[in-house]
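Below you'll find the structure, written out as structure tokens, and then a few comments.
Since every read-out is calculated from the coordinates, none of them should be taken as a lab result. Everything numeric here is computed off the predicted structure, so don't read it as measured data. Here the Cβ is made from the backbone with ideal geometry for all residues, glycine too, and neighbour counts use every protein chain on show.
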Number of protein chains: 2
Amino acid sequence: MSGALAIRWNGQPVAQIPALSRGLHYGDGVFRTLLLHDGAMVAADAQLDRLLADAAALGIAAPPLARLQAELVAAACFGNGTVKLLLLRAGERRGYRPETDAADCLLIVYPPSARGSAAAIEGIKAIRSPVTLAAQPLLAGIKHLNRLEQVLASRDWPAGVDEAILGDDRGQPVCATRANLFWVRHGVLHTPALDRCGVAGVTRSRLLALAAAADIECRIGSQPWSALLAADEAFLSGSLIGIWPLRAIDGHCYEAARPVTRRLQGLLAHPSDVVPLNAR
Amino acid sequence: MSGALAIRWNGQPVAQIPALSRGLHYGDGVFRTLLLHDGAMVAADAQLDRLLADAAALGIAAPPLARLQAELVAAACFGNGTVKLLLLRAGERRGYRPETDAADCLLIVYPPSARGSAAAIEGIKAIRSPVTLAAQPLLAGIKHLNRLEQVLASRDWPAGVDEAILGDDRGQPVCATRANLFWVRHGVLHTPALDRCGVAGVTRSRLLALAAAADIECRIGSQPWSALLAADEAFLSGSLIGIWPLRAIDGHCYEAARPVTRRLQGLLAHPSDVVPLNAR
């Protein structure tokens, strides 16, 4: 199957999946995307924890943890790549009502992303997306398979733009299409609350823990766009990218000096962010 | 593949679909469900029109109409059943951004539903769902594959309940999990607007056209729950069910006399609603 190095369905190599899967028909499943770097799966335990928590939130009973860990071990033999682990609610009957809480497990290993560490050093440009995230507290924070808003928000970026920042129905910034959002103002680290929309990324959680341990004050909460634009520093986080500083959002530029962002890049030590010290 | 009489992927019989389909990973696709009755596909032209309109709304270029019609002809040989026709955006690369607007076509023929015409005669009981539909005007009305809200709302109905009525974030009733909602007050037919959430069903459109042609006044608009509960008659519509009168929502019962509902059942002449005249 083009585009993937390996695909496994419940532990068996496959190219295809059952056409009646509820994952396809309803998006009735959850997933996490992991970075495989030099044979090691970055933050594997935290990723599996979140995958299981998300599955539980939808009433999906995950396979035993050891089976999921075995899937990641099978993927690790590829050395470097992007690993997507999905849990889809089992059952092939037509109709929204679940017939079981059991799950099928789909593992996909993709080749490594071509993107180097330039984005981590120089930062990226983002736009403010015209797509507004709908508020659905029952699904907020969960990395589920209903991702049409992200698809719509990923179309038609101008040249030179790497991400789009999405806001909610209250006009507050929430996240990027595939990354969480942070900003720094007067030394305090801010990130939006994710109780009405957005996905709670593992790297976001790790950064909040690292910042707290390093005595960087953290505030989680929804704030207006003006707060994001008034920030001294702003950045995106994700499992594949680590930390991407924001150089600009639309016409608004951020300062090139990013002391807190660089400190967090050092603490996170993400493979994509590990750059020569003199480049920082 | 258990549960289906036939599955076709781009016109070829299959049991499985590509594991990298954007339909699975993002719900990046649309579908319609048709009733196949005695070798005839009910409202096939209208269903294909809506399928193509929904695809266009997501920027998905549908296959030529003749190809889709050929799929329905292939399904019709099963005589009776439930036919689901899906268009999934093609492309197997990882990432939300679409790489093409081309579509893959998936056709599934399921056995006929066991449900007889009793629901059309006697009506059904519904509950008010604890799930609130999120407002997303960009996706409202479209029958896309992001259906987790319907899955959540379909769990845990009490015994004897056949549907759940969902409201929006303004506290206004919108639809049922798999049907549109109508009510009648002083001879006027009401149905909620679907510009913020909900799915615009083909049977809903047909009923509005039939009612207008029969000089039944129709009003499309959002109204509070109190308007639904104050109605003289209320019913659900869907391609598979035709018209299901609502006998009760939670503890609130509707009158057994349903002159407008019965008139519309006669005009729609849906196979599931065609019942002996003396039973009406």
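Measuring nothing but label to label, 7 Å from Cα along Cα→Cβ, what are residue A:3's distances to the other copies in nm, shortest first?
Copy-to-copy label distances for residue A:3: 2.3 nm.
So what J values fall out for segment B:16-32 if you push phi through Karplus, 6.51 cos²θ - 1.76 cosθ + 1.60 with θ = phi - 60°, rounded to Hz, Gly and Pro as x?
9, 10, x, 5, 9, 4, 5, x, 6, 6, 10, x, 7, x, 9, 8, 9
Return the lysines within reach of residue A:143: Cα separation strictly under 21 angstrom, same-chain partners fewer than 8 residues apart disregarded; answer none if there are no such residues.
Within the straight-line cut-off, residue A:143 pairs with A:84.
State, to one decimal in nm, how far the label point of residue A:65 lies from the label point of residue B:225, with both points 7 Å from Cα in the Cβ direction.
4.1
Say we join alpha carbon atoms closer than 10 Å with springs in a Gaussian network model of chain B; which of B:113, B:21, B:237 then has the biggest fluctuation?
B:113
Can you give me the three principal axis dimensions of chain A from its C-alpha atoms, in Å, biggest first?
Extents along the principal axes, in whole Å: 54, 41, 38.
Within chain A, what's the longest stretch lacking GluC sites (Glu not before Pro) that sit in DSSP loops with no more than 14 other Cβ atoms inside 10 Å?
Details: sites that count: A:99, A:217, A:255.
Free of exposed loop sites, the longest segment is A:100-216.
What residue among B:234, B:194, B:129 has its Cα farthest toward the positive end of the dipole of segment B:118-279, where the charges are +1 on Lys, Arg and -1 on Asp, Glu, each on the Cβ?
The one lying farthest along the dipole's positive direction is B:194.
About its Cα centre, how strong a charge dipole does segment B:6-110 have in debye, to the nearest 20, once Lys and Arg get +1 and Asp and Glu get -1 at the Cβ?
Once rounded to the nearest 20, the dipole reads 280 debye.
Based on alpha-carbon positions alone, could you give the equivalent ellipsoid semi-axes of the protein assembly as shown from the gyration tensor, as √(5λ), descending, whole Å? Intermediate results must be reported in sequence, preceding the final value.
Numbers: eigenvalues 405, 142, 80 Å².
One finds semi-axes of 45, 27, 20 Å for the protein assembly as shown.
Using helices alone, what [θ] at 222 nm do you get for chain B, with -39,500 (n - 2.57) per DSSP H run of 4 or more residues, divided over all residues and rounded to the nearest 500?
-7000 deg cm²/dmol
Can you list, shortest first in nanometers, how far residue A:255 lies from the same residue in the other copies, with each label 7 Å from Cα toward Cβ?
Here the equivalent label points are 7.3 nm apart from this one.
From the C-alpha gyration tensor of segment B:118-279, pull out the three semi-axes of the equivalent ellipsoid (sqrt of 5λ each), sorted largest to smallest, in whole Å.
So the equivalent ellipsoid measures 23, 18, 15 Å along its semi-axes.
Would you mind listing the distances between the residue B:226 label point and the same position in each other copy? Use 7 Å along Cα-to-C-beta, nm, one decimal, shortest first.
For residue B:226, the other copies' label points sit at 3.7 nm, shortest first.
Defining a contact as two alpha carbons under 8 Å apart and six or more residues distant in sequence, what relative contact order in percent does chain B show? Intermediate results must be reported in sequence, preceding the final value.
On the way: 558 pairs, mean separation 50.7, N = 280.
Across chain B, relative contact order equals 18 percent.
How many partner chain Cβ atoms sit within 10 Å of a residue's Cβ in peptide A:10-20, on average, as a whole number?
If you average over the peptide's residues, the count of other-chain Cβ atoms is 5.
Write down Rg/Rh for segment B:6-110, rounded to two decimals, with Rg from the C-alpha atoms and Rh from the Kirkwood relation over Cα pairs.
0.97
Based on Cβ point charges of +1 for Lys and Arg and -1 for Asp and Glu, what charge dipole magnitude is obtained for the protein assembly as shown about its Cα centre, in debye rounded to the nearest 20?
Numbers: 56 positive and 50 negative charges, 52 e Å.
I would put it at about 240 debye.
Return the sequence-ordered ³J(HN,Hα) values of segment A:212-228 in whole Hz as given by the Karplus equation 6.51 cos²θ - 1.76 cosθ + 1.60 applied to θ = phi - 60°, using x for Gly and Pro.
Here the 3J(HN,Hα) series is 4, 5, 9, 6, 8, 5, 10, 10, 9, x, 7, 9, x, 4, 4, 5, 5 Hz.
Please give the helix A:65-76 orientation as an angle from the longest Cα principal axis of chain A, in degrees from 0 to 90, rounded to the nearest 10.
Computed tilt is about 70 degrees.
Would you work out which of B:76, B:16, B:86 lies farthest towards the positive end of the dipole of segment B:6-110, given +1 charges on the beta-carbon of Lys and Arg and -1 on that of Asp and Glu, about the Cα centre?
Going by the charge dipole, the pick is B:16.
Between residue B:142 and residues 5 or more places away or on another chain, which pairs have amide H atoms under 5 Å apart, with H built 1.01 Å from N, and which residues are they?
Here the answer is B:200, since their amide H atoms fall under 5 Å of that of residue B:142.
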